[in-house]
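Working notes, beginning with the structure itself.
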Amino acid sequence: MNTELANLLPSVIVIAHRAGEEILDVYQNGSTVTHKADSSPLTEADLRAHQVIVQALGLLTPEIPVLSEESAEIAYEMRSAWTRYWLVDPLDGTKEFIKRNGEFTVNIALIEQGRPVLGVVHTPVTGVCYYAAEGIGAFVQQGGEPAKKIRCVAPQAGQSIKVVASRSHADERTTALLARIANYECISMGSSLKLCLVAEGVAHFYPRLGPTMEWDTAAAHAVVNGAGGTVHDAQGAELHYNKANLLNPEFFVHARNDQYFEQLLKSPS
């Protein structure tokens, strides 16, 4: 067990819950929506959660820098020297927040040498919290219930493949990929919860052929890793963090060493 990560994890979970409380306050009382330079939506909830997380992490680990979606203008010349940093999405699923469907999360990840080694994904509306750390495993906690250890599962022969897809981002290439699976059922979900459903064994496969940013995936990526899964690009390489361009490549999520999906993704389309 990594003692340092084990000691950090409970505090990060508390921070994620505190950020979730700020989000819920705005969610329940209404929010003004503005837009960033790239036209993506921004709400008061994003900013309030960002402030809570950055301040709290600064007190918890003042020696570790923080990169948040709401402070992403930090230059790569500075970031490139970071070997360890917090990567945060204060409100992942802003579109889901605006739609008021509850499928949005607080994402906090610790990155070491480009890899997520600790992650917390908290869902403010339901109270469900996924978390993991390297050497500790992955867990889900629902409200005040005891946490449960979770594992990715591979589909059995003849079993219907459970595929999780984005509620807000559908595309023809994903539809074409899924058409190559003989028997599957689709679970629609927003935000980083899609990766968590694979980590929990509720779904077998999550293909993401549309754009995402590093802060969208890092925390849930840590949860998938802790649950015995993999998050890899089209060449089979694990997603890497703190690149000059913070845009993720296309990626796929499933149980590690799952021959069914490895073969599916190698086969010509």
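The values are calculated or read from the model by the stated rules, or taken from the named source; none is laboratory data. Bear in mind the structure is a predicted one, so any value in this text is a computation, not a measurement. Note: ideal-geometry Cβ built from the backbone for every residue, glycine included; neighbour counts use all protein chains shown.
Observations, loosely collected:
- Enumerated helices (runs of 4 or more DSSP H) restricted to the stretch 155-269, each holding at least 3 residues that are of a type outside the set (S, T, N, Q) and more than 30 Å from ILE74 (Cα to Cα): 172-178, 193-200, 259-266
- Residue that is nearest to ILE181 (Cα to Cα) [pool: residues in the stretch 148-168 that are among the hydrophobic types (A, V, I, L, M, F, W, C) and touching a residue at least 12 places away in the same chain (Cβ under 8 Å)]: ILE161
- Residues of the stretch 141-154 that turn out to be within 23 Å of GLU4 (Cβ to Cβ) and in a strand (DSSP E or B), as a count: 2
- The stretch 221-241: number of residues that are crowded, with 21+ Cβ neighbours inside 10 Å and either in contact with a Phe, Trp or Tyr (Cβ under 7 Å, 6 or more places away or on another chain) or in the same structural domain as ILE108 (by TED's automatic domain parsing) (or both): 3
Here is a yes/no grid of residues against (1) buried (at least 24 other Cβ atoms within 10 Å of the Cβ); (2) closer than 12 Å to GLY190 by Cα; (3) of a type outside the set (D, E, K, R):
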position	(1), (2), (3)
GLU73	no, no, no
TYR76	no, no, yes
ASP89	yes, no, no
GLU96	no, yes, no
ASN101	no, yes, yes
ASN107	yes, no, yes
ILE111	yes, no, yes
